[in-house]
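The values are calculated or read from the model by the stated rules, or taken from the named source; none is laboratory data. None of these values were measured; they are calculated from a predicted model. Don't worry about glycine lacking a Cβ; one is built from the backbone with ideal geometry, like all the others, and counts go over all protein chains shown.
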Amino acid sequence: MENSRLVAGYPRFVTPEFEPFDPVELLRWTEEIVCRGDARKYTAFYATGVYGGIGTGYAVGCCLRCVFCWVEFSRDFPELYGKFYSAEEAARRIVAAARHYGTPRARISGGEPTLGKEHLLSVLQHIEREPRIRLFILETNGIPLAIDPDYVHALEEFTKIHVRVSLKAGTPEAFSKKTGARPEAFELPFKAISHLLQHRISFHVAAMSLDPRFMSPEERTALMKRLASLDFRLLLNLEEEVVDPYDTTLKRLAAANWRVKWPLRRVYTPISETLRELLRQRRQRS
Ligand code: SF4
């Protein structure tokens, strides 16, 4: 088994006895397992209907351990899954999947796409030269972009990317409980958002904040205030999500001893809707 020294202490699932980890350390460990020069491990290349159709490379490895994560167990056992693909080969396969589906959109999914900076930047260079791809959606939990401001700077050269930063929680304690990471790491995704604002990169924020089973009203208010403190417009474009009962999600929730009722019966009103309505009323009054 490769990297057996790392694998021995490698965090898998969040459990009630789980010791919170440093996500930056987990990031480095994971990169040692899933990255090799400009190559990264993938388990599949395909296209799917999300975003109106998108060519996808399913990459291995993440630096968080979200209890509601839907990703295959390649997230938890990266040493056991996937094959290495050079950036050129990965880009070629993602483009081929998109072409076959008839979509001009592409992405990396299945783990944290920004692990392996050399690989990702090289994939983006290939995508930039590929006329059949018009949009590359860069999904991220924000941690790799937070700890390396040069990473965000390097993204400036790409004309086709749109970044989607996904937030998991509204307080440091909830972040730790939901992701397994230390509470101090809660700030990192917001730091990534600051870098993106500073470098004027096209992006929006998504949050697991529509589902009352995973976010209390108080935590949700704290999250909205934190985002508004960076830029009020982030709330107007906030994409709020609910947890879906994938098999992998149910197993991770069970491991963490989270008791959740299905089906979901009630969701919050999206903050973007509430704010747009308030702005409309204000315009009418003035
Ligand atoms: S939900 Fe996303 S950030 Fe969280 S563990 Fe899964 S892949 Fe990583």
- line: The residue from 271, 201 that alone is surrounded by 15 or more Cβ atoms within 10 Å (Cβ to Cβ), in contact with a helix residue (DSSP H, G or I) (Cβ under 7 Å, 6 or more places away or on another chain) and under 30 Å from residue 157 (Cβ atoms) is 201
- request: Examine the range 143-161 for a residue that is among the polar types (S, T, N, Q), surrounded by fewer than 16 Cβ atoms within 10 Å (Cβ to Cβ) and assigned to a loop (DSSP other than H, G, I, E, B), and state whether such a residue exists.
  value: yes
- line: Residue set 230, 235; condition out of contact with any Asp or Glu (no Cβ under 6 Å at 6 or more places or on another chain) and surrounded by fewer than 18 Cβ atoms within 10 Å (Cβ to Cβ); output residue 230
- line: Within the range 77-88, residues surrounded by 22 or more Cβ atoms within 10 Å (Cβ to Cβ) and in a loop (DSSP other than H, G, I, E, B) come out as 78, 82
task: Would you please name the residue that is farthest from residue 70 (Cα to Cα), looking only at residues in the range 219-276 that are touching a residue at least 40 places away in the same chain (Cβ under 8 Å), assigned to a loop (DSSP other than H, G, I, E, B) and of a type in the set (A, V, I, L, M)?
output: 267
- prompt: Across the range 76-117, which residue is farthest from residue 23 (Cα to Cα) among those that are of a type outside the set (Gly, Ala, Ser), out of contact with any helix residue (DSSP H, G or I) (no Cβ under 8 Å at 6 or more places or on another chain) and within 16 Å of the ligand (Cβ to nearest atom)?
  reply: 81
message: Is it the case, given these coordinates, that residue 195 is surrounded by fewer than 18 Cβ atoms within 10 Å (Cβ to Cβ) and either more than 24 Å from residue 274 (Cα to Cα) or away from the ligand (no atom under 16 Å from the Cβ) (or both)?
response: no
task: Check the range 36-44 and report whether any residue there is of a type in the set (A, V, I, L, M, F, W, C) and at pLDDT 95 or above.
output: yes
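Looking only at the range 208-226, decide whether some residue is within 25 Å of residue 124 (Cβ to Cβ), within 16 Å of the ligand (Cβ to nearest atom) and within 14 Å of the chain's Cα centre (by Cα).
no
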message: Just checking, does the range 53-64 include any residue being crowded, with 24+ Cβ neighbours inside 10 Å, within 11 Å of the ligand (Cβ to nearest atom) and not in a loop (DSSP other than H, G, I, E, B)?
response: yes
field: Test set (1) surrounded by 21 or more Cβ atoms within 10 Å (Cβ to Cβ); (2) outside any helix (DSSP H, G or I) - residue 91 fails condition number
entry: (2)
